[in-house]
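Engineer: Take this structure, written in structure tokens, and hold onto it; I'll ask about it next.
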Amino acid sequence: MIIAVDGPTASGKGTVARAIAARYGLPHLDTGLLYRAVGWQVAADGGDPDSEADALAAVRFADDLLGHPELRHEATGALASRVSIHPAVRKALFDRQRIFATQSGGAVLDGRDIGTVIAPDAEVKLFVTASVEARAQRRFREMQGNGVAVTLAEIESDLRRRDERDRNRSEAPLMTARDARVLDSTALDKDEAVAAAIAIVEEFRPR
Ligand code: DC
């Protein structure tokens with residue numbers, strides 16, 4: 001069973017995907033990390049994230065980079081959003097994601113284009129979303145907890161910028177797959193969002 005979990009930044013899709021993977025004993029791939037690794041690598045190489053050639057060269061990052069704590073930083077997320085608009089970068093990362101998705105026994109993947117491009121054949125497709133204000137609040141609390149000095153207004157404007165870029169790029173833009181179920185987590189806490197996601201999986205999973 002392939003389970004696709006898509007949605008915008010800070011929607012809670014990662015939390016939902018990890019919980020579903022644990023519940024069904026499936027391997028999980030956070031595909032955003034791949035784009036974050038490319039973004040981090042292009043900066044480390046002194047390249048330009050807006051140059052397709054520079055970003056493509058950074059696709060050859062070392063695998064152990066995926067565990068680097070800086071990949072989780074907001075600055076790396078912004079770089080990831082910039083390198084992810086290049087079609088050559090998306091193409092270069094396709095096989096790795098597709099192979100993960102089609103491994104025997106199934107898998108859970110979260111990202112932006114899992115239900116539309118990477119695994120249009122997924123048995124279950126979830127699109128996790130929340131209002132930009134709710135997402136900004138969550139990210140703000142998380143960053144404050146980590147001792148990062150940032151304002152709510154800065155986070156909200158960064159989220160809006162990233163949403164705009166992710167939704168409007170020409171290649172594999174963030175969009176809801178026709179056959180995806182939308183899970184709006186604006187008014188839900190973490191446990192409620194996970195419970196709602198599992199209820200959707202139960203409804204759709206083949207038996
Ligand atoms: O989910 P995230 O915040 O870690 O993703 C970082 C960026 O990577 C996001 O702004 C767009 C890009 N991305 C993508 O284009 N396609 C994916 N499947 C996952 C992430």
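Engineer: Specify whether the C-alpha gyration tensor of the range 4-125 places it in the rounded, prolate or oblate class, a ≥ b ≥ c being the square roots of the eigenvalues: rounded for a/c under 1.5, otherwise prolate if a/b is larger than b/c and oblate if not.
Structural biologist: Cα axes put the range 4-125 in the prolate bin.
Engineer: Same structure, new question: Could you give the size of the charge dipole of the chain about its Cα centre, using +1 on the Cβ of each K and R and -1 on the Cβ of each D and E, expressed in debye and rounded to the nearest 20?
Structural biologist: Once rounded to the nearest 20, the dipole reads 340 debye.
Engineer: I've got another one for you. One-quarter of the Cα convex hull surface for the range 22-73, in nm²?
Structural biologist: 4.3 nm²
Engineer: Of the beta bridges DSSP finds with both residues in the chain, what % are antiparallel, to the nearest 5?
Structural biologist: 0 percent
Engineer: Related question: Output the direction-averaged projected area (hull surface divided by four) of the convex hull of the alpha-carbon atoms of the chain, in nm².
Structural biologist: Computing the convex hull of the Cα atoms and averaging its projections yields 11.1 nm².
Engineer: If you don't mind, there's one more thing I want to ask. Report, as a whole number in µm² per second, the diffusion coefficient that Stokes-Einstein gives for the range 133-178 at 37 °C and 0.692 mPa s using the Kirkwood radius over alpha carbon pairs.
Structural biologist: For these conditions, the coefficient is 278 µm²/s.
Engineer: Hey, got the dipole for the range 144-207? About the Cα centre, +1 on K and R Cβ, -1 on D and E Cβ, debye to the nearest 20?
Structural biologist: My answer is approximately 300 debye.
Engineer: Could you name the lysines in cross-link range of K13, using Cα to Cα under 16 Å and dropping any fewer than eight places away on the same chain?
Structural biologist: K125, K190
Engineer: Which value in deg cm²/dmol, rounded to the nearest 500, describes the helix-derived mean residue ellipticity at 222 nm for the chain, given -39,500 (n - 2.57) per DSSP H run of n ≥ 4 and division by the residue count?
Structural biologist: Rounded to the nearest 500, it is -15500 deg cm²/dmol.
Engineer: Label the range 71-138 by shape, choosing from rounded, prolate and oblate, from the square roots a ≥ b ≥ c of the eigenvalues of the Cα gyration tensor; if a/c is under 1.5 it is rounded, and otherwise prolate applies when a/b is larger than b/c, oblate when it is not.
Structural biologist: oblate
Engineer: Classify the range 162-207 as rounded, prolate or oblate, taking a ≥ b ≥ c as the square roots of the eigenvalues of its Cα gyration tensor: rounded when a/c is under 1.5, otherwise prolate if a/b is larger than b/c and oblate if not.
Structural biologist: Verdict is oblate for the range 162-207.
Engineer: Here's another thing I want to ask about it. Return the FRET efficiency for the residue pair A153, D48: r is the Cβ-Cβ distance, R0 is 25 Å, and the value is rounded to the nearest 0.05.
Structural biologist: Between A153 and D48 the formula returns 0.35.
Engineer: Check cross-link reach from K91 to the aspartates and glutamates: straight Cα distance under 14 Å, and skip same-chain residues fewer than eight apart.
Structural biologist: Of all the aspartates and glutamates, those that pass the test against K91 - Cα under 14 Å, at least 8 places apart if same chain - are E52, D113, E171.
Engineer: To one decimal place, what Kirkwood hydrodynamic radius in Å is obtained for the range 102-207 from all pairs of distinct Cα atoms?
Structural biologist: About 15.6 Å, per the Kirkwood formula over Cα pairs.
Engineer: If you place +1 on the Cβ of every Lys and Arg, -1 on the Cβ of every Asp and Glu, and leave all else neutral, what size is the dipole of the range 64-186 about its Cα centre, to the nearest 20 Debye?
Structural biologist: For the range 64-186, the charge dipole is close to 200 debye.
Engineer: Then there is this: Answer with one residue from A193, Q103, G147: the one whose Cα lies farthest towards the positive end of the charge dipole of the chain, charges on Cβ with Lys, Arg +1 and Asp, Glu -1.
Structural biologist: Q103
Every number in this text was worked out from the coordinates using simple rules, so none of it is lab data. As the structure is a prediction and not an experimental result, all values here were calculated from the model. Positions of Cβ are backbone-derived with ideal geometry, glycine not excepted, and every protein chain shown enters the neighbour counts.
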